[in-house]
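Some notes on the structure that comes next.
The values are calculated or read from the model by the stated rules, or taken from the named source; none is laboratory data. Note that the coordinates shown come from a computational prediction; the quantities given were computed from them, not determined experimentally. Counting neighbours? That spans all protein chains shown, and the Cβs are built from the backbone with ideal geometry, glycine included. With ligands, DNA and RNA removed, areas are computed over all heavy atoms of the protein, side chains included. Shrake-Rupley method; radii C 1.70, N 1.55, O 1.52, S 1.80 Å.
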Amino acid sequence: MTAPASAERAAGVTTVAVLGSTGSIGRQALEVAAAEPRRLAIVALAAGAGLERLCEQARALKPAALALESAADARVARARLEAAAPGAQVTVGRGAAARLAAECDADVVLNGVVGAAGLEASLAALSRGKRLALANKETLVVGGELVRRALQRGGELVPVDSEHSAALQCLGGRPPAEVGRLTLTASGGALRDHPDWRRAEVLAHPVWSMGPRITVDSALLFNKGLELIEAGWLFDLGWEQLDAVLHPQALIHALVRFRDGSTVLQAAPPDMRLPIRLALTWPEHGGGAVAPLEPAALAGLTFAPIAPRRHPAFDLALAAGRRGGTAPCALNAADEVAVARFLAGEIPLGAVPEVLERVLERHRDGPVESLEQLREVDAWARDAARATAVGA
């Protein structure tokens, strides 16, 4: 999967491969690139199962490489993608995104794949010494140790998540020893003011437009717990240096308190186009990804601690993060299954943390050793989550 050496690169254009191009992050990444054609060029696209939308994107962008992880008929899917982008190298089947990440001729691989499947693609990109613009949460939650080893051999990782992008800007390259506390903010999700969250409607986030799983995870604050696990790996910080607070206005995304007593914070409108562009062009703060905030917009902001035991899924994510090893892998897999069961109407919302707790209790922790080992833990936890009976 080699794109032709381009005059674009000679002219200073950054070439980009977008994994998960048909999802929310992927589509916004394409919008960011389209707004700056002299700065960013899309050369490869990968999707999970969205053949129709991937064909549309291929016809519009004519990338050099295309990948589709799952198709009802692989031969038909391949033929349609080849027709949509004549001359493109097309891969269809499990592991297609990882192959594209390793083999495509792109300066940056943006990983917007949803779920644990994104880890393999992240490792593939890093193994080739590429910049990984990371929007796949599970890469670090599940495989942080493997990613750390990969980075020691080359490659670069820049976060796309809004809070981690904000933390990167606040830290300014300072060493972990100078950091007293990194605080990530949480809007509180759809349930922040709900008196009985266990039986609430959650698929309408008050700030962000996201997919159904992450919307549920945000409502339960499980997502914020995973972000703290990620932050530890990203910035080499211990749990005593990590914190999260509720901030319903969602204008401050991270705060860093240094050991000298000073605090640096990052403020921006809640718009994913900003962290996406920053990850693609870091450390450049060019372009005009979002409208700037005026000082008056920061008046009246509020912050509050996350109350203990109010958000049991958040507490479980922190517990798994502190245990380390394979515990976060098991918990994340259980969450994917439990949220899917909730969305299918099989269990009530309040049962999701119950499933997570029971799977985590049964899991036997071990050190992270390999991708294959993590696949086995993931499979075990999914089976355990499906088999877990919970009360209504």
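Taking a cut-off of 14 Å between Cα atoms, list the aspartates and glutamates near Lys224, but don't count ones fewer than 8 places away on the same chain.
Glu138, Asp161, Glu163, Asp243, Asp315, Asp335
Show which aspartates and glutamates lie in cross-link reach of Lys130 when reach means a straight Cα distance below 13 angstrom and same-chain residues fewer than eight apart are skipped.
Within the straight-line cut-off, Lys130 pairs with Glu103, Asp105, Asp107, Glu156.
Per-residue ellipticity at 222 nm for the chain, helices alone: DSSP H runs ≥ 4 residues times -39500 (n - 2.57), over residue total, nearest 500 deg cm²/dmol?
On the way: 15 runs with 170 residues, N = 392.
Helix-only estimate at 222 nm: -13000 deg cm²/dmol.
Could you work out what % of the accessible surface of the chain is carbon and sulfur, using a 1.4 angstrom probe and leaving DNA, RNA and ligands out of the count?
52 percent
What is the spin-label model distance, in nm, from Ala299 to Glu56 if the labels are put 7 Å beyond Cα along the C-beta direction?
Between Ala299 and Glu56, the label points sit 4.2 nm apart.
Just the number please: accessible area per residue for the range 261-313, 1.4 Å probe, all protein chains included, in Å².
Solvent-accessible surface per residue comes out at 55 Å².
Kindly report the accessible area of the range 77-168 per residue (heavy atoms of protein chains, probe 1.4 Å, no ligands, DNA or RNA), in Å².
About 33 Å² of surface per residue is accessible.
Compute the distribution of all C-alpha to C-alpha distances in the chain, in bins of 20 Å from 0, and list the percent of pairs in each, rounded to whole numbers.
All Cα pairs, binned at 20 Å, distribute as 28, 59, 13, 0 percent.
Note down the magnitude of the dipole of the range 297-392 about its Cα centre, charges +1 on Lys and Arg C-beta and -1 on Asp and Glu C-beta and zero elsewhere, to the nearest 20 debye.
Charge dipole, the range 297-392, about its Cα centre: 280 debye, nearest 20.
Mean separation of Cα pairs under 8 Å and 6+ residues apart, divided by the residue count of the chain: what relative contact order is that in percent?
Across the chain, relative contact order equals 14 percent.
Counting Lys and Arg as +1 and Asp and Glu as -1, each charge on the Cβ, what is the dipole of the chain about the Cα centre in debye, to the nearest 20?
It comes to approximately 360 debye.
What are the aspartates and glutamates whose alpha-carbon lies under 13 Å from the alpha-carbon of Lys62, with same-chain residues fewer than 8 places away excluded?
Counting by Cα, and skipping residues close in sequence, Lys62 has these aspartates and glutamates nearby: Glu82.
With a 1.4 Å probe and every protein chain left in place, tell me how much accessible area Asp107 has, in Å² to the nearest 10.
Its accessible surface works out to 60 Å², give or take rounding.
Note down the magnitude of the dipole of the range 1-127 about its Cα centre, charges +1 on Lys and Arg C-beta and -1 on Asp and Glu C-beta and zero elsewhere, to the nearest 20 debye.
Using only the charged Cβ atoms, the result is roughly 160 debye.
Could you please report the charge total around Lys224, scoring K, R as +1 and D, E as -1 over all other residues with beta-carbon less than 9 angstrom from its beta-carbon?
Details: positive: none; negative: Glu163, Asp217, Glu227.
For residues surrounding Lys224, the net value is -3.
I'd like to know which of Trp233, Pro305, Cys55 lies farthest towards the positive end of the charge dipole of the chain, counting +1 on Cβ of Lys and Arg and -1 on Cβ of Asp and Glu.
Going by the charge dipole, the pick is Cys55.
Averaging over every viewing direction, what projected area does the convex hull of the Cα atoms of the range 43-131 cover, in nm²?
Mean projected area of the Cα convex hull: 5.0 nm².
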